[in-house]
Amino acid sequence: MSDVIISVEDVHVSFWQNNVGVYSIKDLITLRKSPFKSKTILDGISVEVKRGESLGIIGRNGSGKSTLLRTIAGIIKPEKGKVTVNGTFAPILAIGAGIEQELTGYENISMLLSLYGTHKKGGDTIKNIKEFSELSDEVLRMPVKQYSSGMAARLAFSISLANESDILIIDEVLAVGDQGFQAKCQEKIFQIKGQGKTILFVSHFPDDVARICNKAILLEHGKMIDSGNSIDVCNHYKKLF
Ligand SMILES: Nc1ncnc2c1ncn2[C@@H]1O[C@H](COP(=O)(O)OP(=O)(O)OP(=O)(O)O)[C@@H](O)[C@H]1O
Ligand SMILES: [Mg+2]
């Protein structure tokens, strides 16, 4: 089995966005300007993650962190470059998008556990999710659209822990949780690390990244402007402000 679990090679991603340069119907009719323009979001990203490593992905808002996670998860297909993943992960929760707003907490748990195939194990899975999330029965019976962002993050992270995949992808979960939940998540992340799982960790808190990850990359306008030891890369990030 290859030592490299995730390989990202020269990945380019761009999106079509509204072209603010189109001011009038005349612009459109005369085709002087297209209503859309292509914007480069990831510009030649290359990174390798070995089994059991923890990679931190840091950068300002809009620098491309979540897009990189989505690309690694196979949700976005790069127009150039290649992503190879030699392991399993929970792609839906990985990017915090697996939670259905109209469904209750309990319904989301059942739906996602069946997607993972974890439901077959039965037993204590739901109990563990409930315990970790600290969400009450009453809350879990409510549709998620009525949850605060912290409550939704508690649910999402707790369900993702039930997934026994090799790679744990965490996008900002610590940012919305309260202090108690943040501390608990950090402890859990260290425990998961200790089990030899691979972690991709996106956060705006460089000290957390330095603590949790052995290496990190720094994105700026879709370009990787630094990579290496997480402490050095986090220090570089702090100097951006
Ligand atoms: N589906 C999309 N269509 C068009 N543009 C998009 C889409 N998703 C993201 N973008 C653009 O891509 C850029 C990078 O977004 P991304 O969400 O990856 O940033 P981020 O680093 O995760 O930011 P944040 O720290 O705010 O979470 C932004 O300019 C955003 O507007
Ligand atoms: Mg993001």
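Readers should treat all values here as calculations from the given coordinates under stated rules, not as data from a laboratory. The structure displayed is predicted, hence computed values, not measured ones. When we count neighbours, we look across all protein chains shown, and the Cβ atoms used for this are built from the backbone with ideal geometry, even at glycine.
With 23 Å as the limit, the listed pairs Lys77/Lys130; Lys50/Lys184; Lys39/Lys197; Lys37/Lys223; Lys37/Lys145; Lys82/Lys193 have Lys77/Lys130; Lys50/Lys184; Lys39/Lys197; Lys37/Lys145; Lys82/Lys193 beyond it between alpha carbons. Inverting the pair-averaged 1/r between distinct Cα atoms of the chain gives 19.2 Å as its Kirkwood hydrodynamic radius. Placing pseudo-labels 7 Å out from each Cα toward the beta carbon at Asn19 and Leu103 gives an inter-label distance of 4.1 nm.
For Glu220, nonlocal amide neighbours, meaning residues 5 or more places apart or on other chains whose placed amide H falls under 5 Å from its own, are Ile225. The residue among Cys213, Thr40, Ile167 whose Cα reaches farthest toward the positive pole of the charge dipole of region 4-238, with charges on the beta-carbon of Lys, Arg, Asp and Glu, is Thr40. For the chain, the 222 nm mean residue ellipticity estimated from helices alone, with every DSSP H stretch of n ≥ 4 adding -39500 (n - 2.57) and the total spread over all residues, rounds to -10500 deg cm²/dmol.
Between the listed residues Gln146, Gly228, Ser136, the Cα displaced farthest toward the positive end of the dipole of the chain, a dipole computed from Cβ unit charges relative to the Cα centre, is found at Gly228.
Taken about its Cα centre, the chain carries a charge dipole of roughly 640 debye when the Cβ of each Lys and Arg holds +1 and the Cβ of each Asp and Glu holds -1.
Extension gain, Ser136 to Lys37, is 31.0 nm, computed as 0.36 nm per intervening residue step minus the present C-alpha separation.
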